[in-house]
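Notes follow once the structure below has been shown.
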Amino acid sequence: GHAPAHAPACRYRYYQNVCTQSYSFVWWDWARWEQEIDWMALNGINLALAWSGQEAIWQRVYLALGLTQTEIDEYFTGPAFLAWGRMGNLHTWSGPLPPSWHLKQLYLQHRILDRMRSFGMIPVLPAFAGHVPKALTRVFPQINITQMGSWGHFNCSYSCSFLLAPEDPLFPIVGSLFLRELTKEFGTDHIYGADTFNEMQPPSSEPSYLAAATATVYQAMIAVDPDAVWLLQGWLFQHQREFWGPAQVGAVLGAVPRGRLLVLDLFAESQPVYVRTASFQGQPFIWCMLHNFGGNHGLFGALESVNRGPTAARLFPNSTMVGTGMAPEGIGQNEVVYALMAELGWRKDPVADLGAWVTGFAARRYGVSHRAAEAAWRLLLRSVYNCSGEGCSGHNRSPLAVQELVSLYYEEARTAYLNKELVPLMRAGGVLAYELLPALDKVLASDSHFLLGSWLERARVAAISETEACFYEQNSRYQLTLWGPEGNILDYANKQLAGLVADYYAPRWRLFMETLVESLVRGIPFQQHQFDKNAFQLEQTFVLSTRRYPSQPQGDTVDLAKKLFLKYYPRWVAGAL
């Protein structure tokens, strides 16, 4: 007989984002990885990154090239920031990596690969994209390197990485040294990921340069593995649209033989690139839903556009779509969105009736058919999960029970301040900072999924000594809050965790309300600069703190939610917050 109609269009069902490694997987042990790979199998995933342990391999390569251990230690980022070290966005920040880290990651990578391969999945391995440590110039003073610009508001002590020129004879040497060492250790399934210009302006917009830079990466791959296929994140084409015009995009896509580049259209549910590149000019691509940035919590989704997207991409003129994917920066949020996306990997057409689908989802999720729960899910489907328009492409700003009230009281406080009304400002500000946020923290503390204690405990458990545990915990605290030494990507990876609300967000809100009150009392404008300085003190205090947090939930979530509802709902209805 012949294959079912949908087989070729859905050859790949891809999962992961390079950032997920840092935002979600960073402290995982084998037991947690095994659970994830089982989830992947249950959801039909057959293509996924296997990114662990690559620094251990790079360390061998750098030592072979003549770098010292000190130079290597100065180059790698800390564990929570490796995703950006690997793409050349960052180096050094929050490092160094302890020797034990490398050993554990090598061990994990072997287990991960065995498990993935046993399910018939294709693990994607990393390849050399061109970024090198500055120390390489000490060993090879003659090499031709370009210093890139800064990234993410980091100064050059942590960014402005060095890119080996495509024509430099060392490029193929470094590239094939790495891939040979990697595949000797881990075997290969012939698909490799590399990103040279992710969120970074290339040194030249000349198509000839871009083609050379791309071709050289591919040449180093096939020198070691003649069957190599390059998995490329298509994020760069949509992230810096003004740079990537048709000639620039064409130079990259045309520099690799057709079919040997596999492009991830990474944010296709919101900003698809295939439509403006003639289906990536004939290179095969995977329609990916990104959905989440920074692992933010909050109920959010654009299920209508997710539902329709893959079919539209398949029906696009001369479409080269070869699969679907999910590429969230962080996991552990909005399971419903991923349940739908996983199902779409098997379907030829969109789900005809999302209302009926979400009713079925509720029954499966709770293991019982419950009228009220199903009605609630249909309401969620029509509201937070049906985001459309401009607001859907950014971070989750979550409408949860108390979060919504925080927004309302903030509006009250803002209005009072602008009208120079002191008493209403103090009332609204007081409720927000001293009632609502502690109440939110209490609700979060009653659920094991929302505990800062568990979040930091995972980091500590990954360590082999107390010193290391403190170092890992600090990595984790930085990532959740300041991100960089000066709050460079402040609150990008914000989470709703009990402990974080009480000891990080609430003190800032109190400072903000106090600053507003002081401004009215003294009759002076809001001191933004002073506020930023004071807020940074609070943020830094949190990051450097070693305070322990509970990793066991306390209290009854339903009971706490009911009390909150009874307290605030009547005020809200009466319009008398």
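Just a few scattered comments:
The rows are residues; the columns are (1) open to solvent by less than 20 Å² (accessible area, probe 1.4 Å); (2) in a loop (DSSP other than H, G, I, E, B).
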site: Thr146; (1), (2): no, no
site: Phe154; (1), (2): yes, yes
site: Ser176; (1), (2): yes, no
site: Thr183; (1), (2): no, no
site: Asn198; (1), (2): yes, yes
site: Val217; (1), (2): yes, no
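- Single match in Leu482, Leu490, Leu437, Leu451 (criterion: touching a strand residue (DSSP E or B) at 6+ places or on another chain (Cβ under 6 Å) and under 20 Å from Phe542 (Cα atoms)): Leu451
- Residue match in the stretch 394-405 (condition: open to solvent by less than 20 Å² (accessible area, probe 1.4 Å), β-branched (Val, Ile, Thr), touching a Leu at 6+ places or on another chain (Cβ under 7 Å) and farther than 20 Å from Asp447 by Cβ): no
- Scope the stretch 527-552; condition more than 27 Å from the chain's Cα centre (by Cα) and in a helix (DSSP H, G or I); matching residues: Gln528, His529, Gln530, Phe531, Lys533, Asn534
- Set Ser208, Ser204: member being at pLDDT 95 or above, outside any loop (DSSP other than H, G, I, E, B) and assigned by the TED database to the domain that holds Phe128: Ser208
- When residues of the stretch 115-144 are limited to those that are of a type outside the set (A, V, I, L, M, F, W, C) and part of a strand (DSSP E or B), the one nearest to Trp230 (Cα to Cα): Pro126
- Positions within the stretch 547-572 being open to solvent by 90 Å² or more (accessible area, probe 1.4 Å) and β-branched (Val, Ile, Thr), in sequence order: Val558
- Check on Leu232, in contact with a helix residue (DSSP H, G or I) (Cβ under 9 Å, 6 or more places away or on another chain), aliphatic (A, V, I, L, M) and without any contact (Cβ under 8 Å) to a residue 40 or more places away in the chain: yes
- Residue pairs meeting the criteria (Cβ under 9 Å; at least 6 apart or on separate chains; first in contact (Cβ under 8 Å) with a residue 24 or more places away in the chain and closer than 18 Å to Leu440 by Cα, in the stretch 505-517; second of a type in the set (Val, Ile, Thr) and open to solvent by less than 30 Å² (accessible area, probe 1.4 Å)): Trp509/Val406
- Meets criteria (aromatic (Phe, Trp, Tyr), closer than 20 Å to Leu232 by Cα and open to solvent by 10 Å² or more (accessible area, probe 1.4 Å)) for Trp27: no
- For Gly555: the one exception among (1) touching a residue at least 40 places away in the same chain (Cβ under 8 Å); (2) within 26 Å of Leu511 (Cα to Cα); (3) not in a helix (DSSP H, G or I): (2)
- Residues in the stretch 303-325 that are out of contact with any Lys or Arg (no Cβ under 9 Å at 6 or more places or on another chain), buried (at least 21 other Cβ atoms within 10 Å of the Cβ) and hydrophobic (A, V, I, L, M, F, W, C): Leu303, Val306, Ala313.
- Subset of the stretch 160-174 that is of a type in the set (A, V, I, L, M) and assigned to a helix (DSSP H, G or I) - its residue that is most open to solvent (accessible area, probe 1.4 Å): Ile173
- Qualifying residue in the stretch 373-391 (condition: touching a Lys or Arg at 6+ places or on another chain (Cβ under 9 Å) and open to solvent by less than 10 Å² (accessible area, probe 1.4 Å)): no
- Picking from residues in the stretch 64-113 that are hydroxyl-bearing (Ser, Thr, Tyr) and assigned to a helix (DSSP H, G or I), the one that is nearest to the chain's Cα centre (by Cα) is Tyr75.
- Any hit, the stretch 424-447, residues being at pLDDT 95 or above, under 30 Å from Leu520 (Cα atoms), among the basic types (Lys, Arg) and not in a helix (DSSP H, G or I): no
- Criterion violated by Arg258 - all others in (1) in a loop (DSSP other than H, G, I, E, B); (2) within 20 Å of Gln21 (Cα to Cα) satisfied: (2)
- Extreme residue, farthest from the chain's Cα centre (by Cα), among residues of the stretch 493-526 that are buried (at least 20 other Cβ atoms within 10 Å of the Cβ) and in a loop (DSSP other than H, G, I, E, B): Gly499
The values are calculated or read from the model by the stated rules, or taken from the named source; none is laboratory data. Since this is a predicted model, take the numbers as computed values, not measurements. Heads up, the Cβs are rebuilt from the backbone with ideal geometry, glycines too, and the neighbour counts pull from every protein chain shown. Note: areas computed on protein heavy atoms with side chains; ligands, DNA, RNA excluded. Shrake-Rupley method; radii C 1.70, N 1.55, O 1.52, S 1.80 Å.
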